[in-house]
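Have a look at the structure below before the remarks.
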Amino acid sequence: MGKYAGKRLLYMIPVLLGVSFLVFTILSLTPGDPGSIILGITAKPEDIAALNAEFGYDQPFLIRFFNYIGDIIFHFDLGTSYQSRQPVIEDIMARFPNTLKLTIFSMSVSSIVGISLGIISAVRQYSTLDHICVVTALIFASIPGFWLGLMLMLIFSLKLRILPSYGAGTLKHFILPTLTVSMTSAAGLLRLTRSAMLETVRQEYIRTAKAKGASEKRIIWKHALRNALLPVITTLGTSFGASLGGAIIAETVFAMPGMGTLITTAIRQKDIPVVMGATLFLATLFSLIILIVDLLYAVIDPRIKAKYQSGGKRRD
Amino acid sequence: MKKIKTTAAAVCIAAMTMSMNILPVSAANDSLVIAIDADLDTLHPSDFSTTVEIDTLNQIYDTLMYMNPDGEHEPEARIAESYEVSEDGTQYTFHLRKDATFHDGTPITAADVKFSLELYQKSPYQGSQVTGLSTVETPDDYTVVCHLENAYSPFLLGVCSVHIASKAYYEASPEEFVSNPIGSGPYKYVGRNKGSNLTLEAYDDYYRGAPSIKEVTYEIIPDSSTKAIALQTGEVNFASIESSSMMQLQANPNIVIAEAPTSGFTYVSMNLEKEPFNDVKVRQAINYAIDRENLVAICFDGEAEVNSNICSKDRFGYSEDQFQYTYDPEKAKELLAEAGIETPYDLGEILVAEKYANIATVVQNDLKAVGLEAEIAVKEFNAYIDDLTSGNYSIAALNMTLEGDTQMLEMAFMTEYIGTANNARYSDEEMNTLFISATAETDAEKRAEIYNQIFQKAQNEAIYAVICNPLTLYAYNKDLSCPEFTLEGFYYIYDFQWQ
């Protein structure tokens, strides 16, 4: 298993190089140059040229790319922002903790709510409770995030005055954004868990388990859930990785400085070092999370664990 | 089970009441929370480029003098007590007060002023503020003489916006100079959390007296709806707002809304190098075809001043003699017929960026009513600016700000600005000469007369189809007293006060 993980870690190198080349190319192909974006329409052409030269933006595309990669590999330097002229890593580190917190909070809430209600829904299929869950999930899955965020803010900040409407200073600031993000994703998880469970319950080994007289509790927890969880965990892993990219809508609505708004602002300003730095940072994290998810499969599913063992030997 | 529920409910209620006490009902009387749309990229006194940066730096850094940008008022003394201009207009002498100090307590001297002026002179960001400046001399510690290459009247207004920074501090650490500024204004920089907020504190030894508001926090809130809610909850005391939030905020008795005129202009730009816009009659027809009142009501919720003149009404050089185009579709049709245009005529595409698309839609409708058909082409902002400045368009809609001295409007008309802000690609020897002669004229009355000629000419030739000057809107707590906002709406927290 260690060998497998090591191999997967090595695979990350070409992936990250590919990501950086792709993003760098796309950024360079988009119109506009940092100098004229910063100085605006009224600036003198020579001032714009001077600023671009200062950023090294006057160099050809490939040279800029290799300089950039070289700085990362040999100096561990993600570069300096064109806009703020501060190291990119500072911009990332000022925002990543907020995004990480929001991701952990909202993923916890949505998996607890989504998975448990999904199981209940499946076990009590066609009951009133199941109907309520399914309809509520449908509603929340369809509500746009920004609207939900504003409504929560109107109720809890403006009417009740119990929660702050913006910012990220204390844990209390995270309650509304967490609700906004997790409501939607909990709805998705509920539907996924429910259908996965329903499918598993119809499998023959469940019928066998019932036939041999296992209790319903044991059947659900020991047999059905473990099998049904595989697709759920895959989804959880990828959506955890994706939400590290920032919940742009929640971040904007609640004025919470996070990765999502950092990247979107930087793209608009053509702040290439910031976009590149943030993308690489996230791509690395995402790859690591996917690796962890793959390793988690082994914990849940002994068949997969067996494959990792050397020589594919089986202990029967 | 029932017991558990009751306990849970009690805990919830307790938590709610507790948190209610934690949230401030109204701010303490010596602190102020201001919401801004975006984070500051820099705190450099001269190398800044955005509105939030200048609004913040204006509190941290003082200037030589304060001058209302409308050009109608005499400059007020700040770090300079008085000033003289030489007869020929090439030499400006400033006499500094002796009790002004930087936030570290060191006195502000002529060397610092010279250093700051030179900082601007070298700056690609704000270098235009000191256009014309050649050299700076400091005959003694409290006298600064600016030598100009030629007489350049707009110099005074420009030099009055130069932030005075400490030379010694810069020499000690150029990095700290930017990241942890020591200023000369009424507020000291305390610190910032990137992306969230920035804090200032009153400088009690400020030479005009300690400010009334002791602590200022700038909170970054990009979303306008969130900002409006935060104003209503009292979490924010002062903010510039969008016209779309007006209705909601006006309904709240605790909030006051103030309007500030701006010289920025929303306009339709026509490429004069392309047919049919090379014909003055077509341009006049387009000017008559646009229903400006209607556009302002739709796109600005009424919060803009209708004006077909590129020179706004509060600006130096504006006069009633300059022609105003009003909505007259019949006249537009007549002019088009005179120009030999057979309607319906296809104008091609109206080029816009997403944020100007609503303006283009209204204009498209108005043009259609007089028989001019056009499609709307929405481009990504940078691609749009590329096309606009390189002349790769025929008709476009946008908003532009050429603030400062009226002379700044030369960028919209002079030949040398084709490729930057002269989007009409207008080139006329007489216009170039008029703008140059305005800079050399030292007598205010005569200078106003030159601008009068310029804008009469611009209006008669219908070089642009200007629509309106949008207003800057501020919303603030009713207990906060702010002086009336002047042209461009720059504010100084020093003048604010809690009642």
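The values are calculated or read from the model by the stated rules, or taken from the named source; none is laboratory data. Not measured: the values here are computed from a predicted model. Note that each Cβ is placed from the backbone with ideal geometry, even for glycine, and that neighbours are counted across all protein chains shown.
Of the residues in segment B:399-416, at least one is more than 9 Å from chain A (Cβ to nearest Cβ) and either part of a strand (DSSP E or B) or farther than 26 Å from B:I454 by Cβ (or both). Restricting attention to segment A:40-76, the residues that are surrounded by 14 or more Cβ atoms within 10 Å (Cβ to Cβ), within 14 Å of chain B (Cβ to nearest Cβ) and of a type in the set (D, E, K, R) add up to 3.
Only one entry in B:Y393, B:Y325 is in contact (Cβ under 8 Å) with a residue 60 or more places away in the chain, within 14 Å of chain A (Cβ to nearest Cβ) and among the aromatic types (F, W, Y), namely B:Y393. Counting only helices (runs of 4 or more DSSP H) that sit wholly inside segment B:139-188, those with at least 2 residues that are out of contact with any Pro (no Cβ under 9 Å at 6 or more places or on another chain) and within 18 Å of B:P69 (Cβ to Cβ) are B:155-159. Before we move on, is B:K379 of a type in the set (K, R), over 30 Å from A:L29 (Cα atoms) and surrounded by fewer than 21 Cβ atoms within 10 Å (Cβ to Cβ)? Considered against the rule, which asks whether it is of a type in the set (K, R), over 30 Å from A:L29 (Cα atoms) and surrounded by fewer than 21 Cβ atoms within 10 Å (Cβ to Cβ), B:K379 comes out as no. All conditions but one from (1) of a type outside the set (V, I, T); (2) in contact with an Asp or Glu (Cβ under 9 Å, 6 or more places away or on another chain); (3) under 20 Å from A:M153 (Cα atoms) apply to B:Y207; the one that does not is (3).
If only residues of segment A:243-295 that are more than 14 Å from every other protein chain (Cβ to nearest Cβ) and within 25 Å of B:T226 (Cα to Cα) are counted, the one that is surrounded by the fewest Cβ atoms within 10 Å (Cβ to Cβ) is A:G245.
Checking each residue in segment A:176-198 for being of a type in the set (S, T, N, Q), buried (at least 22 other Cβ atoms within 10 Å of the Cβ) and farther than 16 Å from A:A247 by Cα picks out only A:T193.
Rundown of residues vs (1) within 14 Å of another protein chain (Cβ to nearest Cβ); (2) outside any strand (DSSP E or B); (3) over 30 Å from B:I229 (Cβ atoms); (4) basic (K, R), yes/no style:
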residue	(1), (2), (3), (4)
B:L43	yes, yes, no, no
B:S49	yes, yes, no, no
B:H73	no, yes, yes, no
B:Y92	no, no, yes, no
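Could you pull out the residue among B:E449, B:E488, B:E484, B:E445 that is at pLDDT below 95, on the phi > 0 side of the Ramachandran plot and out of contact with any strand residue (DSSP E or B) (no Cβ under 6 Å at 6 or more places or on another chain)? Among B:E449, B:E488, B:E484, B:E445, only B:E488 is at pLDDT below 95, on the phi > 0 side of the Ramachandran plot and out of contact with any strand residue (DSSP E or B) (no Cβ under 6 Å at 6 or more places or on another chain).
For segment B:188-209, the criterion of being β-branched (V, I, T) and within 30 Å of A:I162 (Cβ to Cβ) is met by at least one residue. Quick one: is A:I206 in contact with a Leu (Cβ under 7 Å, 6 or more places away or on another chain) and either away from every other protein chain (no Cβ under 14 Å) or within 30 Å of B:V236 (Cβ to Cβ) (or both)? Answer is no for this residue.
Conditions tested, residue by residue: (1) touching a Lys or Arg at 6+ places or on another chain (Cβ under 7 Å); (2) at pLDDT below 85; (3) part of a helix (DSSP H, G or I).
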{"site": "A:A209", "(1), (2), (3)": "no, no, yes"}
{"site": "A:K222", "(1), (2), (3)": "no, yes, yes"}
{"site": "A:L229", "(1), (2), (3)": "no, yes, yes"}
{"site": "A:G260", "(1), (2), (3)": "no, no, yes"}
{"site": "A:F286", "(1), (2), (3)": "no, no, yes"}
{"site": "A:I290", "(1), (2), (3)": "no, no, yes"}
{"site": "A:G311", "(1), (2), (3)": "no, yes, yes"}
{"site": "A:D316", "(1), (2), (3)": "no, yes, no"}
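Here is a check on your reading of the model: is B:E201 in contact with a Ser or Thr (Cβ under 6 Å, 6 or more places away or on another chain) and more than 14 Å from every other protein chain (Cβ to nearest Cβ)? Taking the combined requirement at face value, the residue does not satisfy it. If only residues of segment A:216-242 that are closer than 19 Å to A:M183 by Cα and of a type in the set (A, V, I, L, M, F, W, C) are counted, the one that is surrounded by the most Cβ atoms within 10 Å (Cβ to Cβ) is A:L236. Can you tell me which residues in segment B:161-211 are modelled with pLDDT under 95, among the polar types (S, T, N, Q) and farther than 27 Å from B:V144 by Cβ? Listed by number, the residues that qualify are B:S179, B:N193, B:S196, B:N197. Applying the set (1) on the phi < 0 side of the Ramachandran plot; (2) within 14 Å of chain B (Cβ to nearest Cβ) to A:P14 leaves exactly one unmet item: (2). Restricting A:S28, A:S110, A:S106, A:S81 to residues that are within 14 Å of another protein chain (Cβ to nearest Cβ) and buried (at least 19 other Cβ atoms within 10 Å of the Cβ) narrows the list to A:S81.
Checking each residue in segment B:278-290 for being surrounded by fewer than 21 Cβ atoms within 10 Å (Cβ to Cβ) and in contact (Cβ under 8 Å) with a residue 60 or more places away in the chain picks out B:D279, B:V280.
Within segment A:137-145, not a single residue is modelled with pLDDT under 90, more than 22 Å from A:M183 (Cα to Cα) and not in a helix (DSSP H, G or I). Looking only at residues that are surrounded by fewer than 21 Cβ atoms within 10 Å (Cβ to Cβ), touching a residue at least 60 places away in the same chain (Cβ under 8 Å) and of a type in the set (A, V, I, L, M, F, W, C) in segment A:120-149, which one is farthest from the other protein chains (Cβ to nearest Cβ)? The residue in question is A:V134.
Okay, residues lined up against (1) within 10 Å of chain A (Cβ to nearest Cβ); (2) more than 22 Å from the chain's Cα centre (by Cα):
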position	(1), (2)
B:S173	no, yes
B:I182	no, yes
B:K188	no, yes
B:G191	no, yes
B:D223	yes, no
B:K227	yes, no
B:A230	yes, yes
B:T233	yes, yes
B:N237	no, no
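Please verify whether B:Y218 is crowded, with 21+ Cβ neighbours inside 10 Å and either of a type in the set (V, I, T) or over 22 Å from A:M151 (Cβ atoms) (or both), treating the condition exactly as stated.
Yes: the conditions hold for B:Y218.
Each residue in segment A:47-56 was checked for being within 18 Å of A:L27 (Cβ to Cβ) and in contact with a Pro (Cβ under 6 Å, 6 or more places away or on another chain), and 2 pass. Taking the conditions (1) buried (at least 19 other Cβ atoms within 10 Å of the Cβ); (2) away from every other protein chain (no Cβ under 14 Å); (3) in a loop (DSSP other than H, G, I, E, B) in turn, A:G213 satisfies each one other than (1). If you go through segment A:157-182 and keep only what is among the aromatic types (F, W, Y) and either more than 10 Å from every other protein chain (Cβ to nearest Cβ) or farther than 23 Å from B:G234 by Cβ (or both), you end up with just A:F174. Selection of segment A:150-169 for residues being in contact (Cβ under 8 Å) with a residue 12 or more places away in the chain and assigned to a helix (DSSP H, G or I) yields A:L150, A:L152, A:M153, A:F156, A:S157.
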